[in-house]
Structures are given as structure tokens and as C-alpha cells.
Amino acid sequence: MIYRNDKAIFVKIAERICDDILSGRYQEGERVPSVRELAAEYEVNTNTALRAFDILQRDDILLQQRGIGMLVAKGAKRKIRSARKKEFLTKDMHEFFRQLTLLDLTIEDVVSAWETYKQS
């Protein structure tokens, strides 16, 4: 995910943190890595990591607690899931349906692929 070129690196890092919140790696009220830790993990400049945190603070996903660092805000998981569902249904589904049409795939093909995915 981090190495695709369609988005700025700081946006991809913010999305990765959101992925970690959705997956349960970080719980509400739990501390996330510091700017320096994040920069080291992704091998980016600390300003890049700081910009990712700025996005997440602006969107009320993370909050700064003095002396502790960045914490996952209450309701963050719900906010992320809601925003991503909206984006998926309004943007990604259109492209998905377009590809189904272009590739002459059926709903049965999709269901079969979904079942295989769930079992993996």
C-alpha cells in the first residue's frame, strides 16, 4: 500500500494507521507510535509522519494527550468505517461494476471469488 503512486505518502501512512485501528491493532484510548517511531517504521522524514498525524487529528481519529502522545480517539473506529463505506459505495463500486461489465463477469463469479476469499 505505501509504495503505490496514486496518493501522497503521508496520506498512505494515515490510511495505514486507520487500517490498524479497524483491525484492532490500536484500540480507542490506546497510544499509537510517536512521530519519530512512525517515521522510522516507514523510513520517511518526520515531517511526513507529522502530516499524517495532522490529517488524523483534523478528522478526530487521533488526539494529542500531553505527556503521553497520540491516542486513538473515542469513536475513531466507527468514524473510519463510516467514511470508508461511503467512499467505497460512491467511488470504488462504480469502478468495480465497470470492470465486471468490461470483463463480462457475472454475480456468480463474484460470489465464488468472495467465498474463496473468506476461506483463505
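The values are calculated or read from the model by the stated rules, or taken from the named source; none is laboratory data. Quantities reported herein were computed from a predicted structural model and do not represent experimental measurements. Ideal geometry is used to build each Cβ from the backbone, glycine not excepted, and the neighbour counts take in all protein chains shown. Calculation scope for accessible area: heavy atoms of the full protein, side chains included, ligands and nucleic acids excluded. Shrake-Rupley method; radii C 1.70, N 1.55, O 1.52, S 1.80 Å.
Just so you know, in region 70-82 the residues that are assigned to a helix (DSSP H, G or I) and in contact (Cβ under 8 Å) with a residue 24 or more places away in the chain include one that is surrounded by the fewest Cβ atoms within 10 Å (Cβ to Cβ), and it is Arg81. In this structure, Tyr26 does satisfy being hydroxyl-bearing (Ser, Thr, Tyr), closer than 24 Å to Arg66 by Cα and open to solvent by less than 80 Å² (accessible area, probe 1.4 Å). Taking first residues from region 58-69 that are of a type in the set (S, T, N, Q) and partners that are open to solvent by 90 Å² or more (accessible area, probe 1.4 Å), the Cβ contacts under 9 Å between residues at least 6 apart in sequence or on separate chains come to Gln65/Arg31.
Summed over region 83-93, residues that are surrounded by 10 or more Cβ atoms within 10 Å (Cβ to Cβ) and either among the basic types (Lys, Arg) or more than 15 Å from the chain's Cα centre (by Cα) (or both) total 6. The set of residues from region 35-69 being under 18 Å from Leu22 (Cβ atoms) and outside any helix (DSSP H, G or I) comprises Asp59, Asp60, Ile61, Leu62, Leu63.
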